[in-house]
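Notes to accompany the following structure.
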Amino acid sequence: MIFAQALVCRHLGRDWRWMKGKKQTDNYYNVLNAFIDKKDSYYSIHQIAQMGVGEGKSIGQWYGPNTVAQVLKKLATFDTWSSLAVHIAMDNTVVMEEIRRLCLFNYPCSGATAFPIAESDLLSNGYPDGAESTGRLLLWKPLVLLIPLRLGLTDINEAYIETLKHCFMMPQSLGVIGGKPNSAHYFIGFIGEELIYLDPHTTQPSVEPTDSCHIPDESFHCQHPPCRMSIAELDPSIAVGFFCNTEEDFNDWCQQIKKLSLIRGALPMFELVEHQPSHFSSPDVLNLTPDSSDADRLERFFDSEDEDFEILSL
């Protein structure tokens, strides 16, 4: 659900709303096709399950928020239509330099060679018509930022609640994936001390959308009011998502995150830094590609939601 929202923001705009019976654009049907239950769909349950096997998760085994984020990142590399830059911020730290290197196309970095791309290729990936090539092409690739977090041991630490609420209020918010014991939910907002969530496990009739005709697509959308639960019931293992369509969106998000540290009585859920701290592991360990095979070396990054630890701010 969180990635479907990212694709809606990417291709249809954040203000887009579905209306029953209304004729939709080709982009709308392309988004639906990315999630239908077919093996060749980018984000089908088949692809998610198969990619999870590659991460040591057998079919039917529980995926924590961190594992889901890692799987979605790998699947997104095959989605050339959306052309998303997916970054997973590990160790409760968002490194701005890493994100800019990932999102700014042809951004100079050591050991990398910039190859010129034809204008037609850029347009097919959704870049603006007015983009100019000046020998140093710096185009922003739309960013999906996923931040796996552990906000307590067995229960959420109350000091994080106000910060979590403010994350929902940001225009870049994609919501939160998490839940409570034996339940996984997609959280989209809050009212008072309650979280508003959708349940992705509701059984729906199967349909096969195409981009050539109208289809009964009601099962792809919520027909009933969302559910609520107390924030105190939230499992402390979550992943927060954000979408930054432009570099300006990302810069604005950074400013909002910095302001969160000024909220009285609120504990920051993660740290925002310009450069990678010297004690961090190599970026190649944290930013995975589809052909990564050193599963043992990466296990602690994938499965941190199963560990009993809590990050404290001193």
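The values are calculated or read from the model by the stated rules, or taken from the named source; none is laboratory data. Everything numeric in this text was worked out from a predicted model, so none of it was measured. Ideal geometry is used to build each Cβ from the backbone, glycine not excepted, and the neighbour counts take in all protein chains shown. Areas reflect the complete protein model, heavy atoms only, side chains present, ligands, DNA and RNA absent. Shrake-Rupley method; radii C 1.70, N 1.55, O 1.52, S 1.80 Å.
Overview of values
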| read-out | value |
| --- | --- |
| Matching residues in the stretch 65-91 - criterion: being touching a strand residue (DSSP E or B) at 6+ places or on another chain (Cβ under 6 Å) and not β-branched (V, I, T) | P65, N66, A69, K73, A76, L84, A85, H87, A89 |
| Scan of the stretch 43-89 for residues that are touching a helix residue (DSSP H, G or I) at 6+ places or on another chain (Cβ under 9 Å), farther than 20 Å from S183 by Cβ, polar (S, T, N, Q) and open to solvent by 10 Å² or more (accessible area, probe 1.4 Å), ordered by number | Q47, S58, T80, S83 |
| Filter pass, R17 being at negative phi and assigned to a helix (DSSP H, G or I) | no |
| In the stretch 223-269, the residues that are out of contact with any helix residue (DSSP H, G or I) (no Cβ under 8 Å at 6 or more places or on another chain), in a loop (DSSP other than H, G, I, E, B) and under 26 Å from E97 (Cα atoms) | T246, S261, L262 |
| Of all residues in the stretch 212-222 being in a loop (DSSP other than H, G, I, E, B) and either open to solvent by less than 90 Å² (accessible area, probe 1.4 Å) or of a type in the set (F, W, Y) (or both), the one that is modelled with the lowest pLDDT | C213 |
| Conditions (1) at pLDDT below 85; (2) under 30 Å from D249 (Cα atoms); number of the one not met by G21 | (2) |
| Check on N251, polar (S, T, N, Q), surrounded by fewer than 17 Cβ atoms within 10 Å (Cβ to Cβ) and at pLDDT below 50 | no |
| Helices (runs of 4 or more DSSP H) (entirely within the stretch 36-128) containing at least 1 residues that are modelled with pLDDT of 85 or more | 45-54, 65-76, 96-103 |
| Members of the stretch 48-92 that are under 16 Å from L149 (Cβ atoms) and either more than 16 Å from the chain's Cα centre (by Cα) or acidic (D, E) (or both) | D91 |
